[in-house]
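Data first, discussion second: the structure below is written as structure tokens.
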Amino acid sequence: MHILVTGAGGFIGFHVACHLLRRGDDVVGLDNLNDYYDPGLKRDRLAEIEKVAAAEGSGRFTFVKMELADRGGVEALFAERRFDRVVHLAAQAG
């Protein structure tokens, strides 16, 4: 399956993306990498997702840095990628 995971740099998004890759799915991870939480930690998680994708060899991972409020960008992403599923985890606490 071709799956979009929003909030891929976050704790839950990271684990979901890794699980999907291990299952053999292709994953597009979307995150704006804002500084509400440490962007370095988010980048480290994304790098780890890349390692899982490479190690598994069965799924592919692509990262898209984008704000969900960018309506045109999100519409273009959906038109280009044609996702089978979306796991929407992007959020900002508080």
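The values are calculated or read from the model by the stated rules, or taken from the named source; none is laboratory data. Here the structure is a predicted model, which is why all the values come from computation and not from measurement. Here the Cβ positions follow ideal geometry from the backbone for every residue, glycine too, while neighbour counts run over all protein chains shown. Side chains are part of the model used for accessible areas, which takes the heavy atoms of the whole protein and leaves out ligands, DNA and RNA. Shrake-Rupley method; radii C 1.70, N 1.55, O 1.52, S 1.80 Å.
Over the chain, DSSP H runs of length four or greater, each weighted -39,500 (n - 2.57), average out per residue to a 222 nm ellipticity of -14500 deg cm²/dmol. For residue 27, the residues whose amide H sits under 5 Å from its own are 3, 60, 61, 62, ignoring neighbours fewer than 5 places away on the same chain, with H placed 1.01 Å from N. Would you work out the relative contact order for region 1-47, in percent, from Cα pairs under 8 angstrom that are 6 or more residues apart? Once divided by the residue count of region 1-47, the mean separation gives 45 percent. In the chain, Cα pairs under 8 Å separated by at least six residues give a relative contact order of 42 percent. Element breakdown for the chain at a 1.4 angstrom probe: carbon and sulfur atoms account for 52% of the accessible area.
Note on the chain: dipole from Cβ charges, positive end direction compared against 72, 29, 39; the farthest Cα belongs to 29.
Magnitude of the charge dipole for the chain, about its Cα centre and with charges confined to Cβ atoms of Lys, Arg (+1) and Asp, Glu (-1), is about 200 debye. Distance between the 7 Å Cα→Cβ label points at residue 48 and residue 22: 1.2 nm. Measuring with a 1.4 angstrom probe and ignoring ligands and nucleic acids, residue 19 comes out at about 110 Å² accessible.
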